[in-house]
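Inspection log for the structure reproduced underneath, given as structure tokens.
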Amino acid sequence: MKRLIYGICLVFLLSSNVLAADINSVQANVLAKTSLSWDGSRLPGYPKGTPEVTILRIKIPPGRQLPLHKHPVINAGVLLNGELTVVTDDNRTLHLKAGDPIVEVVNKWHYGKNEGNEMAEIIVFYAGALDMPITIEK
């Protein structure tokens, strides 16, 4: 009987260690990997010149719409909180919820709007070049 109890305890301890190892292990999940923007357009080449990476945290209050704009550089982000709708000037539409990635359209007029009830917060990474704008408003 003691052997059975020791065996059960040993199995429990080993399984607990496996669980602890899983909880403490490093994990990497691919959120996006593509050569296309969200509307299916092929991404352009990277700009010539000295590379410059810009990372923005953008917060858009409920009911707010960004002005019509375009990006001359490749950019991608992840919506951290809330909801966000992105609309191109030819009415292609993308609805994002918290946790969703976006590979943004390049050199296409578009805007984002928060149609939800809470702050939309997105982190966006821009792969540009020194002295090159990342956003152009219409």
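Results, tabulated for the structure shown:
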read-out: Long-range neighbours under 9 Å by Cβ, at least six apart or interchain, first residue within 30 Å of residue 115 (Cα to Cα) within the range 38-64, second of a type in the set (Lys, Arg) and surrounded by 10 or more Cβ atoms within 10 Å (Cβ to Cβ); value: 38/92; 39/92; 39/108; 40/92; 41/108; 60/113; 63/113; 64/113
read-out: Residues of the range 1-50 that turn out to be more than 30 Å from residue 92 (Cα to Cα), modelled with pLDDT of 60 or more and exposed (fewer than 11 other Cβ atoms within 10 Å of the Cβ), as a count; value: 8
read-out: In the range 113-138, the residues that are outside any loop (DSSP other than H, G, I, E, B) and small (Gly, Ala, Ser); value: 120, 127, 128, 129
read-out: Residue that is nearest to the chain's Cα centre (by Cα) [pool: residues in the range 24-73 that are among the charged types (D, E, K, R), farther than 15 Å from residue 125 by Cα and in a loop (DSSP other than H, G, I, E, B)]; value: 39
read-out: Residues (among the basic types (Lys, Arg) and either touching a Pro at 6+ places or on another chain (Cβ under 7 Å) or under 17 Å from residue 41 (Cα atoms) (or both)) located in the range 88-137; value: 92, 108
read-out: Residues of the range 51-64 satisfying the condition of being in contact with a Phe, Trp or Tyr (Cβ under 6 Å, 6 or more places away or on another chain) and surrounded by 13 or more Cβ atoms within 10 Å (Cβ to Cβ); value: 54
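The values are calculated or read from the model by the stated rules, or taken from the named source; none is laboratory data. Source: prediction; values computed, not measured. A quick note on method: Cβ atoms are made from the backbone with ideal geometry, for glycine too, and the neighbour counts reach across all protein chains shown.
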